[in-house]
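Each reported figure results from applying straightforward, stated rules to the coordinates on display, with no laboratory input. Here the structure is a predicted model, which is why all the values come from computation and not from measurement. Ideal geometry is used to build each Cβ from the backbone, glycine not excepted, and the neighbour counts take in all protein chains shown.
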Amino acid sequence: MKPPIRIAITGATGQICYSLLFRIAAGDMLGKDQPVILQLHDISEALPLFDGIVMELLDCAFPLLTDIITTDNPKTAFNNVDLAILVGARPRSENMERKDLLKANGPIFVEQGRALDEAAKRNVKILVVGNPANTNAYIAMKNAPNLKPDNFSAMLRLDHNRALSQVAQKLSQPISRVKKMIVWGNHSGTQYPDLSHAMVGDEKVISLIKDSAWIEDYFLPTIQRRGMTIIEARHGKSSAASAANAIINHMHDWIFGTKDNDWVSMGIPSDGSYGIAEGVIYGFPVTCHTGKYAIVEGLELDSTSKEKLQKSYQELIEERDAVQHLLN
Ligand code: NAX
């Protein structure tokens, strides 16, 4: 048996985690031969909710689940972890502006960045899911000076999967044939789901989709507003099972590598590519090999795409400026 991998998960009594924990414990993320230790964090008020979750995890009799730790202390949660999935955040309430959400959630990621810096393994892989995910990841990264920027990432994979699925449906193709999708930018309404490099088999998606109006009038707004559409359809509850699935995809590909001749979208610190300033956590097309991600370089962008990339970048710069006081 392999030694267990330690996985910290925050917001672990929330709705995304109610799907996520069970799939990780079943081996969906790290494989059916990889034992795991779950180090679960939530705020003090939520601790009683762990009782039922732990009972249910035990009742599944997962052979791979070696141990479960529950805590309200980030340092205990992050102690010696190989992977950290930061889901915990205050949800956006009605009439709450994006900047209010930043104000409410920013300090969480200051504390968690510091705790990761102190307690996690030096090669820890960190995924920030809690919104606003890109800027929260940026705050955590800036508060963890002893970790490297490439320890950090933010989740764009749900947007990426949504885009794959819409194209597969439009062209009546199996999802597995749709490749080279990109979602650039911020996990927000300014994100840019870009079909210009996407392929089905040997053919370009944009030549297969004859009507360009479908792309501008249906595809882009559908992906950009999917989160809100789900909230309406689920009577106020946001995406949960699909978000958990995207977390599993993101971590799996980061660890085990992306497929040949394909890439995925991840929010990662820019290295200056595509006009995005170094360090900004931005959605890029990336390939992963031997546990490391790398931006796909040299893609041609037309002027419309460049404009859309810049729009999302400007939003991230505004978010960064709004949280200056939280940066180390
Ligand atoms: P829930 O409200 O069900 O759960 C949130 C959890 O965070 C709760 O357990 C709560 O106790 C905990 N929490 C609250 N304040 C905290 C604090 N100060 N420190 C630590 N934990 C705290 O939300 P859920 O539906 O699970 O969503 C979690 C986050 O994921 C939200 O921020 C949501 O917006 C974000 N999402 C991000 C997505 C992405 O693609 N990046 C997609 C799905 C999701 O919308």
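Computed from Cα positions, the angle between helix 303-322 and the longest principal axis of the chain comes to roughly 30 degrees. Against the main long axis of the alpha-carbon atoms of the chain, helix 98-119 sits at an angle near 50°.
Taking Cα pairs under 8 Å and at least six residues apart, what relative contact order does the stretch 1-157 come out at, in percent?
Details: 288 pairs, mean separation 35.6, N = 157.
It rounds to 23 percent for the stretch 1-157.
When 281, 16, 209, 43 are arranged by Cβ crowding within 10 Å, least crowded first, meaning fewest neighbours, the order is 43, 209, 16, 281. Panel order for 17, 60, by other beta carbons found within 10 Å of each beta carbon, from fewest to most: 60, 17.
Label separation (residue 103 vs residue 26): 4.2 nm, computed from points 7 Å beyond Cα along the C-beta direction. Partner lysines whose Cα lies under 23 Å from the Cα of residue 75, excluding those fewer than 8 positions away in the same chain, are identified as 103, 121, 125, 142, 148. Each of 158, 65 was scored by other Cβ atoms within 10 Å of its Cβ. Listed from fewest to most, they are 65, 158.
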